[in-house]
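Peer 1: Dropping the structure in here first, questions after.
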Amino acid sequence: MVNLLAFLLLLSYGAGSIHCSAVSHGNRTDVHSLLEFKAATNDPTGALRSWDRSVHYCNWTGVVCSSLKPGRVAALILPGQSLSGEITPSLGNLTYLKIINLSFNGFSGQLPPLNQLRELISLDLSSNSFQGIIPDSLTNCSNLKTIDLSRNMLEGPIPTKIGSLYNLLGMDLSRNNLTGVIPPSIGNATHLQTLILQENELGGSIPDVFGQWSDMIGFTVGENRLSGRIPPSIFNLTSLQSLGLYANKLQGELPLDIGAPLPEIIVFTLGQNMLEGHIPASLGNASGLELIDLSSNSFVGEIPTFGKLLNLEYLNLGHSILESSESQRWESLYGLTNCSNLFMLSLDNNQLLGAIPDLVGKLSTHLTSLHLSGNNLSRIVPSSLANLTSIIDLDLSNNSLTGTIEGWLGSLKNLQSLDLHGNNFVGFIPPSFGNLSELTILSLAQNEFKGHIPSTLGKLSQLSRLDFSYNNLLSGKIPDDLGKCQGLVTIQMDHNNLTGVIPTSLGNLLSLEMLNLSYNDLSGVIPTVLSDLQLLSKLDLSYNRLQGAIPRNGVFEHPANVSLDGNQGLCGRATGFHVPSCPDASPRTGRHYRLITVLIPIIGFLSLALLTEKFPRVSYWDLARATGNFSEINLIGEGSYSSVYKGKLKQVKTEIAVKILDLEIPGAEGSFALECKALRGIRHRNIVPLITECSAIDKKGNNFRALIYAFMPNGNLDTWLHHQGNQAARKHLGLAQRISIATNIADALDYLHHDSRRPIIHCDLKPSNILLDIHMNACLGDFGIARFYVDSKLRTVGDSSSIAANGTLGYMAPEYAESGHASTCGDVYSFGIVVLEMLTGKRPTDHMFRNELTIVKFVETNFPDHTLNFLDSCLRDECNDAVNQVAAGPENPTIFQSLLSLLWIALLCTCQSPTERLNMRDVATQMHKINMVNTGGRVRSSTSFRRLVSWASQRS
């Protein structure tokens, strides 16, 4: 719009080229200034080749001389000529310049001094690399009518004197790094028609100066840090055609009569703010509207009808709290059938209920994008959807839709992206997918599809992402024809029942970056062709029946990017995979390898290979909705710096735990940072997975920090060991369960101390920080005071980091009171205390432990002869039969052997001297020996957890 104004000004001032018989002094100054400009400019394409004294300067490329002041340069117009370098100050000597257009070049440095150019009417330096501030001296160019400095790297505030440019018609300062506020003085430019300030770092509120701009056509300040309410006067600009306030922190409600005072409005974008209340029905009366974006706010109520907006092309109302049910019959959708130009409709992540109305097939024949994901839609997809033959992008994911998909799928020949994951679709994967030749993204994950993967997928030459994961009824082989989809970047087929071998044809997928075939029933060897895929950076083949040598090249050179757990037959010399040599290397290898595979627990519940260090984003409002606006009903715990709420994340329709930091408490922000830092690099089945974090502004404008974890439905270990009140009827833990839990935590600490990228000290191991999933697998949580070792190499037992230790009384190692430094030995001590608490049923701070008697000394004194005297009462009952067996024969029964071994390990962990304690690697090894009789099958993974992990990997 600013460029259009500049063009009209050029015509109105009658600039043209002339020939002069004599060159006056002023003319010589112009020539000299132009030649200095050329000398300082890099000109790789020869755009300034004609700038030579053999040619009159008024005929030089880009130079326009005045018809009113013969021989004086009136315009310098050189857009898009690949020019670069710093502009010389001599440009400011062209005192009769009215127009400067050097846009879309590579000029850099500070903006040139232009304060002498009092005749300047239009300045366009957009799309360059200028840095520094916008100088106040620019306001000396008092005749300026258009300014375009967009798409540079300018910083600092907008000059407060900008309002002295009384003739200003248009200004574009977008896509820079400007800070500060929008100066209220800009309201003095009463003739302003366009003001574009988007994509900067401007803060504060929007000044209420709009009543002075009766000619305003376009106002855009999106993607800044503006806050407060929208000034009411902004909605009285009767000439306004474009309003862009998106991606700020604006609050409040929209006026109910908003549609009446904006008769000319065409573009209306207020998405990604903190607006609330109802969407005014009067907006549907602004008949000229073509684009509406109100997404990512907190609007409530029904969707108004937009049936009168015959020019509407784009409507995005996603990510709010809008409602529509079968009883309301989606009245708004009826109106949209009148919008024959509509090409994009997004109602995703709201609270829409019931079946998708059959009239969806009557929407515009030009519709190319339809998003209804993340609602509560159910039943079958209406067959009328097949009428939308122009659809390119269809997203129905994360609902409760059911039925088959073949009936409406085949007609959508223009589909490029189809996302149906997180529903209840059934039946076979239709062979008709092979007819969707434009398809690039296909996700059918987390449904109930069955049968084989159709070989017709090989026809999809444009396919880049394929996700069939978590369809537990899916069976059969991976088709060889999949290797024909040479554009594939991502393949996810994990958590199915696929059989057969990994086809070697996958070696043809030269663009492949991620391959996940985990949790299937694949057999055979790992094809060596996978090591030839140079772009493959993430490979997960875990929990199959693969065997033979692990390849040694390509992605296999980076073991951290490859997961092969749970394949009992793998062997070889590939570095970092800790597998035995292949059988021909040693006659003892087979027996040794079989022993190792027996000792490895095949636990699939928390396979976090899908989670990367880039976490998905959730907003404050996502979490507010998930927890019922942080209702006390959903409060499940409180800590030193935080409160924990149970919630249901709408994106995945499953439960999460939201840990909200109380930022008013000193140290809370540091705890948040430490926990994020510790968990970002952690992926282990026995550590509570951090799904994401949220740093945002709450509804009151205050800073908000939260950590989002997978919800552990069986609570924490403390509540199982110490029943209170109405928990009396709760089921008790048997010895086998306690051993399994202790083994899980030993594995977690072993990983933290020895296998994470930087050794991590938990510093606060206690039963309340040990959480239990639906299958009673234990996971270590709460890393709010975790510490990293200073050195990248783990020190020997007894060494400590230089960082002060914290923790909970009774669980902290005794040396912490003297040295105050955290160490891995401290975690070992805490582990021993926890095991003693699990076996005795007594906290280390129990009232019986006073003076010099501690839980450690209490157990030491009675071990092993009087062990039954100090056991937890329910364990003592469990051991009654064992006592009888001991009396009847010389051999101890298995349960008693396990009990004594566990106590022995706990006492070795709680030695007074750190140097005498075991390290966690040795502890974990011993725990697995004790637990070996209790391990066997693969532990099932809950559907809700699988959905959560999959969603997190896709959004990151």
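Peer 1: Tell me, what is the FRET efficiency for Ser137 and Ser185 to the nearest 0.05, using R0 = 22 angstrom and their Cβ-Cβ distance as r? Please report the intermediate quantities before stating the final value.
Peer 2: Values: r = 16 Å, r/R0 = 0.73.
It comes out at approximately 0.85.
Peer 1: Now for a separate question. Does anything in region 498-513 have its amide N under 16 Å from the 7 Å Cα→Cβ label point of Asn553, and if so which residues?
Peer 2: 507-510
Peer 1: When the scattering of region 59-122 is computed by the Debye formula from its Cα atoms alone, each counted once and equally, what is log10 I(q)/I(0) at q = 0.28 Å⁻¹?
Peer 2: Debye curve over Cα of region 59-122, log10 I(q)/I(0) at q = 0.28 Å⁻¹: -1.34.
Peer 1: Name the residues of region 284-306 whose amide N is less than 20 Å from a point 7 angstrom out from the Cα of Gln351 along the C-beta direction?
Peer 2: 294-305, by backbone N distance to the label point.
Peer 1: Can you compute the charge dipole magnitude of region 353-448 about its Cα centre, using +1 on each Lys and Arg Cβ and -1 on each Asp and Glu Cβ, nothing else charged? Give it in debye, rounded to the nearest 20.
Peer 2: 180
Peer 1: Can you tell me the length gained on complete extension of the stretch His722 to Lys308, counting 0.36 nm per residue apart and subtracting the Cα distance?
Peer 2: Taking His722 through Lys308 to full extension adds about 142.6 nm, to one decimal.
Peer 1: Below 8 Å between Cα atoms, with a sequence gap of 6+, how large is the relative contact order for region 168-299 in percent?
Peer 2: Value for region 168-299: 18 percent.
Peer 1: Fewest Cβ neighbours within 10 Å first, please rank Met812, Met838 accordingly. Walk me through the numbers before you get to the answer.
Peer 2: Working: Met812 22, Met838 25.
Ordered from fewest to most neighbouring Cβ atoms within 10 Å, Met812, Met838 come out as Met812, Met838.
Peer 1: Right, another one. Calculate the FRET efficiency for Glu323 and His732 from the Cβ-Cβ distance with a Förster distance of 41 Å, rounded to the nearest 0.05.
Peer 2: E(calc), rounded to 0.05, equals 0.35.
Peer 1: Full extension from Asn42 to Phe577: what is 0.36 nm times the residue separation minus their Cα-Cα distance, to one decimal in nm?
Peer 2: In short, 187.2 nm is gained.
Peer 1: With a 10 Å radius around each residue's Cβ, average the other Cβ atoms per peptide and rank 53-63, 844-854, 713-723, 269-279, highest first.
Peer 2: Working: 53-63: 15.6, 844-854: 11.6, 713-723: 17.5, 269-279: 20.5.
Answer by packing, highest mean first, reads 269-279, 713-723, 53-63, 844-854.
Peer 1: Subtracting the Cα-Cα distance from 0.36 nm times the residue separation, let me have the gained length for Glu818 to Ile665 in nm, one decimal.
Peer 2: Result: 52.4 nm gained on full extension.
Peer 1: Can I ask one more? Simple spin-label model, 7 Å along Cα-to-Cβ: Ser432 to Ser378 in nm?
Peer 2: Each label point is offset 7 Å from its Cα along the Cβ direction, giving 2.6 nm.
Peer 1: Quick check: Cα centre of region 378-393 to Cα centre of region 554-579, how many Å?
Peer 2: 44
Peer 1: Tally Lys and Arg at +1 and Asp and Glu at -1 over the other residues with C-beta under 14 Å from the C-beta of Met274: what net charge comes out?
Peer 2: Net of charged neighbours comes to +2.
Peer 1: Along Cα→Cβ, 7 Å out, is where each label goes; now give me the distance between the ones at Asp532 and Ser475 in nm to one decimal.
Peer 2: For Asp532 paired with Ser475, the spin-label model returns 3.4 nm.
Peer 1: Label-point separation (nm) for Glu638 and Glu916, each offset 7 Å from Cα along Cα-to-Cβ?
Peer 2: 4.1
Peer 1: Right, something else. List, in the order given, every pair from Lys538/Lys646; Lys69/Lys161; Lys659/Lys699; Lys413/Lys459; Lys659/Lys766 whose Cα-Cα distance in the structure shown is over 23 Å.
Peer 2: Lys538/Lys646; Lys69/Lys161
Peer 1: Ok, one more. Note down the net charge around Asp467, summing +1 for each Lys or Arg and -1 for each Asp or Glu among other residues with Cβ under 11 Å from its Cβ.
Peer 2: -1
Peer 1: Could you pull out the trypsin sites (Lys or Arg not before Pro) across region 216-275 that fall in loop regions by DSSP (anything but H, G, I, E, B) with no more than 16 other Cβ atoms inside 10 Å?
Peer 2: Arg225
Every number here is computed from the coordinates shown, using simple stated rules; none is lab data. The shown structure was predicted, so the numbers you read here are calculated from the model rather than taken from an experiment. No Cβ is skipped: glycine too gets one built from the backbone with ideal geometry, and neighbour counts run over all protein chains shown.
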